[in-house]
Amino acid sequence: MSILVVGSVAYDTIETPREKRDRQLGGSASYFTVAARGRVPVRCVGVVGEDFRQEDLDLIAASGGDVSGIRRENGPSFHWSGRYHADMIERDTLATELGVFADFRPEIPANWADDEYLFLANIHPALQLQVLEAMNGPRLTALDTMNLWIETTPDDLRAVLAKVDVLLVNDSEARQLSGRRSLVHAAAAIREMGPARVIVKKGEHGALFFGRDGVLAVPAIILDDVIDPTGAGDCFAGGFMASLAAAGADRDSDDAPFRQAMIEGTVTASFCPEGFNVEGLLRTDDEAYAARRRVLLDMMTP
Ligand code: AMP
């Protein structure tokens, strides 16, 4: 079992009320891969520029990611910069510099097209579709997107959405994509667009799973200290997909492995805001995961 992920491999400059960090490891595919923490092999398809440090690729590889599908091109790496408000939830995007990402045409290395699980992390939906069509029929496909693509490339997004099994979006994106205010109605409208299962992420309020057989609401684990929440959504996806792949689930499975994957995604995502970039994730071990899983299940038990 392996997961193929295509997404950004980036440098992020993050400002919080307490601290600023320049050009540190970021990107949707990087967070996803580190979050899966080698539970199943993850193969990464992406692009970096000349400035990308080998030690950052090594870090992704040490987390269980095969980075041989990340090409190095002439030019600067994708760079995203954001500033968090005092609440550490709201953030302003200060810069999105595409660099080598502007001409990125994903290429799937030979024999990776047979991978059973596909995660289309947040990139241009036309590229997501290209990757989906290059695969030899994965057992399960999931997609993440963002307001930028909902606003600027709605037709491309609709085309890829029609072909995926699971969509992960945050609440404002679900409303924007569907044009419906109620999240129940939004999820129903999105399911009409293609994905049989929809996950609506609500940041510090947890996540909702709209499955084939019902709904599951999972709270977010309450954290003592939030250092940098960037990438928490991608980490959720990493934990979620790794759990599904480890269980051998597919699109025809009942909701049970997906509901379990919601727990794993929530536990995984909870480590992300506890450090800058992937530092919070790297500080954890199996024991910390098990302890946090117990905390979460206690939170869900009357
Ligand atoms: P999240 O906090 O889950 O929204 O993910 C933040 C990550 O997404 C950062 O590491 C960024 O490098 C990456 N990112 C931001 N904007 C884009 C974009 N337009 N395309 C791809 N990745 C992006």
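The values are calculated or read from the model by the stated rules, or taken from the named source; none is laboratory data. Bear in mind that the values here come from a model prediction, so they are computed numbers and not experimental data. Here the Cβ positions follow ideal geometry from the backbone for every residue, glycine too, while neighbour counts run over all protein chains shown. When the accessible area is computed, the model is the full protein with side chains, heavy atoms only, and any ligands, DNA or RNA have been set aside. Shrake-Rupley method; radii C 1.70, N 1.55, O 1.52, S 1.80 Å.
Computed from the Cα positions only, the extents of the range 3-300 along the three principal axes stand at 48, 44, 36 Å, in decreasing order.
Highest average first, the peptides 121-130, 136-145, 66-75 ordered by how many other beta carbon atoms sit within 10 Å of their residues are 121-130, 136-145, 66-75. Scanning residues 5 or more positions from GLY206 or on other chains, those with amide H under 5 Å from its amide H are ALA220, with H placed 1.01 Å from N in the peptide plane. Placing a pseudo-label 7 Å from each Cα along the Cα-to-Cβ vector at GLU55 and LEU223 gives an inter-label distance of 2.4 nm. Averaged over its residues, the chain has an accessible area of 42 Å² per residue, based on protein heavy atoms and a 1.4 Å probe. Beta-bridge orientation, the range 3-300: approximately 40 percent antiparallel, per DSSP, counting only bridges with both partners inside. Local charge for VAL218 was computed over the other residues whose Cβ lies under 11 Å away, with Lys and Arg +1 and Asp and Glu -1, and equals +2.
Of the accessible area of the range 3-300, with the probe set at 1.4 angstrom, what percent is carbon plus sulfur? That fraction is 47 percent.
The accessible area of LYS163, taken with all protein chains in place and a 1.4 Å probe, comes to roughly 110 Å². When only alpha carbons are used to place a centre, the range 116-142 and the range 166-193 end up 20 Å from one another.
The helix-only estimate of mean residue ellipticity at 222 nm for the chain, built from DSSP H runs of length n ≥ 4 each weighted as -39500 (n - 2.57), is -11000 deg cm²/dmol after division by the residue total.
Highest mobility in the GNM of the chain, judged by mean-square fluctuation with C-alpha springs under 10 Å and restricted to ASP58, ASP224, ASP255, is found for ASP224.
Per-peptide packing, taken as the mean over residues of other Cβ atoms within 10 Å, places 100-110, 204-214, 242-252 in the sequence 242-252, 204-214, 100-110 from highest down.
With a 1.4 Å probe rolled over the protein heavy atoms of all chains, the accessible area of ASP156, ASP115 falls in the order ASP156, ASP115, largest first.
Taking a Cβ cut-off of under 10 Å around PRO138, the surrounding Lys, Arg, Asp and Glu residues balance to a net charge of -3, with basic ones at +1 and acidic ones at -1.
Phi angles of the range 40-53 translate, via the Karplus equation with coefficients 6.51, -1.76, 1.60 and θ = phi - 60°, into HN-Hα couplings of 9, x, 10, 10, 9, 10, x, 9, 10, x, 4, 6, 6, 6 Hz per residue; Gly and Pro are given as x.
With the simple model of a label 7 Å out from the Cα in the direction of the Cβ, ARG251 to ARG212 spans 1.1 nm. No disulfide-compatible partner, judged by a Cβ distance under 4.7 Å, exists for the following cysteines of the chain: CYS44. Using R0 = 22 Å, the C-beta based FRET efficiency linking THR152 and ALA95 works out to 0.85.
Roughly how many Å is it from the Cα centre of the range 227-272 to that of the range 1-57, as a whole number? Cα centres, the range 227-272 to the range 1-57: 17 Å. Neighbours of LYS201 by Cβ distance under 10 Å: Lys/Arg scored +1, Asp/Glu scored -1, total -2.
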